[in-house]
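One structure below.
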Amino acid sequence: MTASILYCGDTNLEGAACYLAGILTYYGLTFDYIPSHVQLSRQEIENRQLFIFSDYPASQVSVPIQQAIVRSVALGAGFLMIGGWESFHGFGGNWDGTPIAEMLPVEIQTKDDRLNFCHGAILAPPRGVSGLWDLPWEAPPVIGGANRLELKEGRDWNLLLQAFPMTPHRFQPHGQKEFEFEWKPSPCSYPILVTSDDRRGRVASFASDVAPHWVGGFVDWGDKRVSTQAAGANAIEVGSYYSLFWKQLLAWTGRLKVKNPC
């Protein structure tokens, strides 16, 4: 029986894919998985409620199959693209100019779009967006990188999360030899989570990663620890808020009914 969720990319279940696969398993969501090196077939996209592409290059999905996915979304399926070196344009993702790119609420660059935040970047909602999924954004997590995206003109979209890079300010108090540091967010920001539901299906773009290293401290965000393991995957231990974030993003995008684990 075909699972309602198709998850493609993040290398393999013994690599980065163990994170999202573990979260899916923790919340009882069944899925079929396609590694990054395996090309997607027409048969594998049939009867899906949610498509997840994460570090899955465009070269693995033919144009006719992409067009079929777009039609599925127009009929009510959900689609989520998660960032990484082989997502969006990235370093080998090359999704710009494709039917999938046309469906997304963000504009993909035509050149390397990788951003690495050497001092980290705060992940937080923009002004006017409060209480996103009842998570404590007043104590936000920090990410380490993302794909540089732009909001698409002429398309209804919702900007739900931005990245605010941190910059160190070095100063030397009078009469002291030691330097002290103060960390401040940069005035510039980058869109991270952008959603759209202007058609029957829902579409979401998350520009950072679900797994190290770009995910940064976000993977440990939470007041509790969650331990889980998908079949055939490595075990993971993550923060409880990180886990709840992905649960709610997946549930919204795919219109999934998700129960809390016992």
key: Failed condition for residue 95, given (1) under 26 Å from residue 232 (Cα atoms); (2) of a type in the set (Phe, Trp, Tyr); (3) over 14 Å from the mean Cα position of the chain (by Cα)   = (1)
key: Scope the stretch 130-156; condition among the aromatic types (Phe, Trp, Tyr) and either open to solvent by less than 30 Å² (accessible area, probe 1.4 Å) or over 16 Å from the mean Cα position of the chain (by Cα) (or both); matching residues   = 137
key: Only one of 107, 153 that is at pLDDT 95 or above and within 17 Å of residue 191 (Cβ to Cβ)   = 107
task = Among the numbered conditions (1) in contact with an Asp or Glu (Cβ under 9 Å, 6 or more places away or on another chain); (2) in contact (Cβ under 8 Å) with a residue 60 or more places away in the chain; (3) of a type in the set (D, E, K, R), tell me where residue 200 comes up short.
result = (1)
Identity of the residue in the stretch 1-17, in a loop (DSSP other than H, G, I, E, B) and of a type in the set (Gly, Ala, Ser), that ends up surrounded by the most Cβ atoms within 10 Å (Cβ to Cβ) = 16
note = Screening 105, 57, 99, 64 for residues that are free of Cβ contacts under 8 Å to residues at least 24 places away in the same chain and not aromatic (Phe, Trp, Tyr) leaves only 64
ask   = How about the stretch 208-242: which of its residues are among the hydroxyl-bearing types (Ser, Thr, Tyr) and open to solvent by 10 Å² or more (accessible area, probe 1.4 Å)?
value = 227, 228, 240, 241
request  = Name the residue, out of 24, 20, that is touching an Asp or Glu at 6+ places or on another chain (Cβ under 7 Å), within 25 Å of residue 259 (Cα to Cα) and part of a helix (DSSP H, G or I).
outcome  = 20
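This table checks each residue for (1) among the polar types (S, T, N, Q); (2) open to solvent by 60 Å² or more (accessible area, probe 1.4 Å); (3) farther than 19 Å from residue 213 by Cα.
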residue	(1), (2), (3)
52	no, no, yes
56	no, no, no
60	yes, no, yes
71	no, yes, yes
78	no, no, yes
83	no, no, no
90	no, no, no
98	yes, no, yes
121	no, no, no
Positions within the stretch 157-176 being at pLDDT below 90 and either under 23 Å from residue 243 (Cβ atoms) or open to solvent by 60 Å² or more (accessible area, probe 1.4 Å) (or both), in sequence order = 169, 170, 171, 172, 174, 175, 176
task = Keeping to the stretch 126-136, report how many residues are modelled with pLDDT under 95 and on the phi < 0 side of the Ramachandran plot.
result = 5
key: Some residue of the stretch 130-150 being in contact (Cβ under 8 Å) with a residue 60 or more places away in the chain and aromatic (Phe, Trp, Tyr)   = yes
query = Can you tell me which residues in the stretch 35-51 are in contact with a helix residue (DSSP H, G or I) (Cβ under 7 Å, 6 or more places away or on another chain) and in contact (Cβ under 8 Å) with a residue 24 or more places away in the chain?
reply = 40, 42, 45, 48, 49, 50, 51
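The values are calculated or read from the model by the stated rules, or taken from the named source; none is laboratory data. A quick note: this is a predicted structure, and the numbers were derived from the prediction, not measured. Quick reminder, even Gly has a Cβ in these numbers, built from the backbone with ideal geometry, and neighbours come from all protein chains shown. Remember, those area values only see protein heavy atoms, side chains included, never the ligands or the DNA or RNA. Shrake-Rupley method; radii C 1.70, N 1.55, O 1.52, S 1.80 Å.
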